[in-house]
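Report on one structure; see the data block that follows.
The values are calculated or read from the model by the stated rules, or taken from the named source; none is laboratory data. Only a predicted model underlies this, so the values are computations on that prediction, with no experimental measurement involved. Cβ atoms come from the backbone with ideal geometry, glycine included; neighbour counts cover every protein chain shown. Note: areas computed on protein heavy atoms with side chains; ligands, DNA, RNA excluded. Shrake-Rupley method; radii C 1.70, N 1.55, O 1.52, S 1.80 Å.
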Amino acid sequence: MTKLTFAAPTGDAIPLWLLDPDTVEAWIDGLPETSRGWVTAHGFAGKLGERLALPGPDGGLGGVAIGMGTSQARSRGRFALAAHRAALPKGTYRLDVHADGLDLSQEALGWLLAGYRFDRYATASAPEAQLVAPEGTDAARLETIAAGASLTQTLINTPASDLGPEALDAAARDLAETFGASFSATVGDALIEKNFPMIHAVGRASDRAPRLLDMGWGNPAHPKVTIVGKGVCFDTGGLNLKPGSSMGLMKKDMGGAAHALGLAHMIMAQNLPVRLRVLVPAVENSVSAGAFRPQDILTSRKGLTVEVNNTDAEGRLVLADALALADEEAPALMLCLATLTGAARVALGPDLPPFFTDDETLARDIGRAAHAAADPLWRMPLWQPYEKMIEPGIADLDNAPAGGAGAITAALFLRRFVERAESFAHFDLYGWTPSPLPARPKGGACQGIRALFEVVETRFGSAP
C-alpha cells in the first residue's frame, strides 16, 4: 500500500506561493526586482491551474507560484493544489499562502492523496515533490485519513483473480492484527449452521467459499459503531448473467467492503473512543449448477422471506443477513456501505454518492461533514409509498422490483433488516473514478468515508 506522509520540517524547503487574482499584484511587489520582471514577462495572474517556477539567485529553483483562482472557480472542483504535485521538480516544499478562503487542511490532504499509486502489476512512479505539513494542520490525522483512503483504493483496484473472498478475508485479518482487533470468519456451510442463509445462497456457486468477516475493536464500554460493507468480490450477475459491457468493472463490487475497511483503519488509527464492529459478507456471485435461481425464495437470518426476481441483485441479499446480525446489538450508529445500484449512478453520476436515512440529525451531520471534508454525499429519500414495490405477495420481500427508483427500493429493502440501531444510514457508492482528477487517479475511488470519519469523530469524540 502506498505510504502517504508529509516531509519533515526543514529550513531550506522551497516555497509554494498559493495566489489568487486579487493577491498577485501585492505579492509581485514584494519580490526582488529580477523576479518581478520574470513573473510579469510570463503573465502569471493567479488563475486556477496556473503554475510558474521562479529561478533563485543561484540559478536553482527559487520557488513556484501556484494559481488558486477565485473561490467561484475552485467551487467547480476539489484539491486545486494537488493538481500540480506530479509536475513539480523533486524537492521538499512549504506553503506560503497569499490566497483568501483556502482550507489548508483540505489542500494538504489533497497533496497526500495525489501521491497514491497502484503499482502491484506495473511500475508506477510516485511524484518526487514532498510537502512539509502546513502550520496549524493536524499532520498525523491527515496522514491517517490518507492511509485509509489508500487502503480502500488498493482493495478496489486489485482484480478478482487476486482478491476473492479468501483474499479479502486475509486483508481484513491483516488490518485487525495491525490494531489488535478481534477477528473471526464464518466460512462455507458454517454459514447455514450459524443462520446466514442468504450469504450462503449467493456465494455457494463459486469454488471460492463464501464467508462473513467479523472484526471488533475498542473499549466495550464505549458507544457501539457498526460498519457493514458489501464484499461481492466479483459479480457475474449469476444466472441473470450480465453482458460483457456491464461485467467489465465488477472487480469493484466489493467496494463497500473496501470502504468499510478504510473507514475502520481511520477510526482505529486515530484511537477514537468507540466500540467498533465491522461486518463484511464476502462472496463471489458465480454461475454453476449450484447457483441460486430466479424465482427462488430465500429465508433470511431475520426470518423475512425474499423472492429472487434477479440474481444480479445479490448485494442486498448478503447485506441483509449482515445487517440483521449487526442490528441484534442495537448499535448507537450503524453504517451500510455498498456498490449497490446502477440507478444511483443514473441519478447522481459517478462523483456524488447518495445516502439514505430516517434520522434527521444524522442526515444533517453527514451533510455538514461532507462539505467540511470535501467528500460529497447527497441525501435521497426513503420514500414510503414505494414500500409496496418491494412486497411481491408470494414472499415478504422482492429483491429486484420493477418500476424504477432502483436506488430507493434497494435502500427500503435494506431498512427492513434494521429495527434496533439508534441511528442508521445506507450509502450507495460507485467506488470508481472514470477519468483522472486532482488527487483522484483513474481507478478505485474512496468516496464518503472521509466525511463519515468526521461524523464518528464529532459524535463520539476524538482520541482520549
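Quick one: order Y386, Y430 from most to least accessible surface, probe 1.4 Å. Don't skip to the end; give the middle numbers.
Numbers: Y386 75, Y430 50 Å².
In descending accessible area the options line up as Y386, Y430.
Dipole of segment 247-359 (Lys/Arg Cβ +1, Asp/Glu Cβ -1, origin at the Cα centre): which of P273, V306, G262 lies farthest to the positive side?
G262
Mind giving me the nanometre distance, one decimal, between the label points for A372 and Q72, set 7 Å out from Cα along Cα→Cβ?
2.9
Quick one: compute the contact order of the chain, relative version, from alpha carbon pairs under 8 angstrom and 6+ residues apart, as a percent. Can you show the working numbers first?
Values: 1051 pairs, mean separation 72.1, N = 464.
For the chain, the relative contact order is 16 percent.
Evaluate 2.2 N^0.38 Å with N set to the residue count of segment 1-94, then give the Cα radius of gyration divided by it.
1.14
So which of K3/K251; K251/K442; K47/K442 end up more than 19 Å apart, counting from Cα to Cα? Kindly include the intermediate steps, with their values, before the conclusion.
Working: K3/K251 23 Å; K251/K442 15 Å; K47/K442 25 Å.
From the list (K3/K251; K251/K442; K47/K442), the Cα-Cα distance tops 19 Å for K3/K251; K47/K442.
Hey, got the Cα dimensions of the chain along the principal axes, in Å, largest first?
The principal-axis extents, from largest down, are 82, 44, 44 Å.
Along each of its three principal axes, how wide is the spread of alpha-carbon positions in segment 1-56, in whole angstrom units, largest first?
43, 26, 17
What span do the alpha-carbon atoms of segment 89-136 cover on each of the three principal axes, reported in whole Å from largest to smallest?
If we take the Cα atoms of segment 89-136, the spans are 42, 20, 16 Å.
Rg to Rh for segment 368-464: what is it, with Cα atoms only and Rh by Kirkwood? Before the final figure, lay out each step's value.
Details: Rg = 17.0 Å, Rh = 16.1 Å.
Rg divided by Rh gives 1.06.
E25 to T123: extension gain in nm, 0.36 nm per residue of separation minus the Cα-Cα distance?
Working it through step by step, the gained length comes to 31.0 nm.
Using 1/(1 + (r/R0)^6) with R0 = 45 angstrom and r between the beta carbons of A7 and L249, what's the FRET efficiency to the nearest 0.05? Display every interim value, and only then the final one.
Values: r = 36 Å, r/R0 = 0.79.
Computed FRET efficiency for A7 and L249: 0.80.
Suppose every Lys and Arg Cβ carries +1 and every Asp and Glu Cβ carries -1, with no other charges. What dipole size does the chain come out with about its Cα centre, to the nearest 20 debye?
Numbers: 41 positive and 52 negative charges, 110 e Å.
It comes to approximately 540 debye.
Output needed for segment 128-223: three equivalent-ellipsoid semi-axes, defined as square roots of 5 times the C-alpha gyration tensor eigenvalues, in descending order, whole Å. Don't skip to the end; give the middle numbers.
Numbers: eigenvalues 233, 74, 17 Å².
Working from the Cα gyration tensor, I get semi-axes of 34, 19, 9 Å.
State the answer as a single residue: which of H371, F417, I394 lies farthest towards the positive end of the charge dipole of segment 319-464, with beta carbon charges of +1 for Lys and Arg and -1 for Asp and Glu, about the Cα centre.
H371
Determine Rg/Rh for segment 208-339; Rg is computed over alpha-carbon atoms and Rh is the Kirkwood hydrodynamic estimate from the same atoms. Mind dumping the intermediate values first?
Working: Rg = 15.9 Å, Rh = 15.6 Å.
When Rh is taken as the Kirkwood radius, the ratio is 1.02.
Quick check for me: using +1 on Lys/Arg Cβ and -1 on Asp/Glu Cβ, what's the dipole size of segment 1-141 about its Cα centre, in debye to the nearest 20?
Details: 13 positive and 16 negative charges, 154 e Å.
With only Lys, Arg, Asp and Glu charged at Cβ, the dipole is about 740 debye.
Please pull out the direction-averaged projected area of segment 298-348, using the convex hull of its alpha-carbon atoms, in nm² to one decimal place. Could the numbers behind the result be given before it?
Numbers: hull surface 18.0 nm².
Across all orientations, segment 298-348 yields a mean hull projection of 4.5 nm².
Which whole number in µm²/s is D for segment 152-206 by Stokes-Einstein, with the Kirkwood Rh taken over Cα pairs at 10 °C and 1.306 mPa s?
On the way: Rh = 12.7 Å.
Approximately 125 µm²/s, per Stokes-Einstein.
For a paramagnetic label modelled at 7 Å from the Cα of A190 toward its Cβ, which residues of segment 315-343 fall within the zone defined by backbone nitrogen distances under 18 Å?
322, 325-326
What's the long-distance tail for segment 236-277, i.e. % of Cα pairs beyond 17 Å?
On the way: 439 of 861 pairs.
Tail fraction, whole percent: 51.
Across bins of 5 angstrom width beginning at 0, how are the C-alpha pair distances of segment 275-396 distributed, in whole percent?
Values per bin, smallest distances first: 2, 8, 15, 18, 22, 17, 10, 5, 2, 0.
Using 7 Å Cα-to-Cβ label points, what is the S462/D138 separation (nm, one decimal)?
So the two model labels end up 0.4 nm from each other.
Take each uninterrupted DSSP H stretch in the chain, measure its Cα extent along the helix axis, and return the ones at 15 Å or beyond whose mean Kyte-Doolittle hydropathy is at least 0.0. Don't skip to the end; give the middle numbers.
Numbers: long enough: 139-157 (27 Å, 0.58); 165-178 (20 Å, -0.30); 255-269 (21 Å, 1.15); 315-327 (18 Å, 1.13); 360-372 (18 Å, -0.37); 449-460 (16 Å, 0.62).
Counting only whole DSSP H runs, the qualifying helices are 139-157, 255-269, 315-327, 449-460.
Say each of H42 and D359 gets a label point 7 Å from the Cα, pointing the same way as Cα to Cβ; how far apart are those two points in nm?
Output for this residue pair reads 5.0 nm.
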